[in-house]
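Heads up, the thing below is written out as structure tokens.
The values are calculated or read from the model by the stated rules, or taken from the named source; none is laboratory data. Everything numeric here is computed off the predicted structure, so don't read it as measured data. A quick note on method: Cβ atoms are made from the backbone with ideal geometry, for glycine too, and the neighbour counts reach across all protein chains shown.
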């Protein structure tokens, strides 16, 4: 029986749609939480904590967003790549950017024997790509091109910006839930007023305030996994072959024991620190390889 081939165009489109639907789901949870709180209390109460949560979330994320590249490079001890010493690195990225119409990102190298790489930056004009010394030493030219195409895809798809938007929404829900639960605790200690009419919405609000941060965190991780599938498919679009990326991911699968900060681990081609799939920012390598083999 002939194997059905996957179209990388379809994969890119479908995974982008799933990402948008997931972020819409986060927004729905935000509205539902606000609806329950506004019925349990005065509607202006929710408006106040919504504004407060937006301000806190945006200020916190804004700093990280505009300094994402420099923070990521500093956290892994990356150094500026040398055009002579890392010639193949420069040549491949330059060729891929010319073919894709992207501006040339700043290139960095981090000393580590494992195979891995990451891209960061708020937009293509402020992007960086950092690869490990192990990536340069252990991958052939085609595999290295596959890795760099994946990272350039994150830049082309504005994934840092997309995940920043997700982080703002998730942060807002977490802050609103925290403020609501704290106010409930303080109110229960300072007042014995009976408010039976709003009892149902109060219970719903409390349940949502407890569960919402957990649910949206899982949704955020699911969005991250979808963006990895998009980047894999886009890499095939850039190179017109999945062979290089398959080879690189297969080699990473054989040995993945890289220690980096948990804050930057989700940026990497393959997440270094292994955890259960439910709380994973990346799809399993086996699934990614299997999808690529069908393209």
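Looking only at segment 113-138, count how many residues are in contact with a helix residue (DSSP H, G or I) (Cβ under 6 Å, 6 or more places away or on another chain) and farther than 23 Å from residue 62 by Cα.
Count: 4.
If I go through segment 109-141 residue by residue, how many of them are over 30 Å from residue 17 (Cα atoms) and assigned to a helix (DSSP H, G or I)? Talk me through it step by step, then tell me what you get.
Taking segment 109-141 first, the residues over 30 Å from residue 17 (Cα atoms) are 109-115, 132-141.
Narrowing further to those that are assigned to a helix (DSSP H, G or I): 133-138, 141.
Result for segment 109-141: 7.
Looking at segment 199-219, is at least one residue modelled with pLDDT of 85 or more and not in a helix (DSSP H, G or I)?
no
Name the pairs whose Cβ atoms lie under 6 Å apart, with the first residue in segment 94-120 and within 22 Å of residue 264 (Cβ to Cβ) and outside the structural domain of residue 268 (by TED's automatic domain parsing), the second in a strand (DSSP E or B) and modelled with pLDDT under 90, and 6 or more positions between them or separate chains?
116/268; 118/268
Residue under question is residue 92, and the condition is that it be more than 20 Å from the chain's Cα centre (by Cα) and not in a helix (DSSP H, G or I); does it hold? Step through it out loud before you land on a result.
Values: more than 20 Å from the chain's Cα centre (by Cα): yes; not in a helix (DSSP H, G or I): no.
No, not satisfied.
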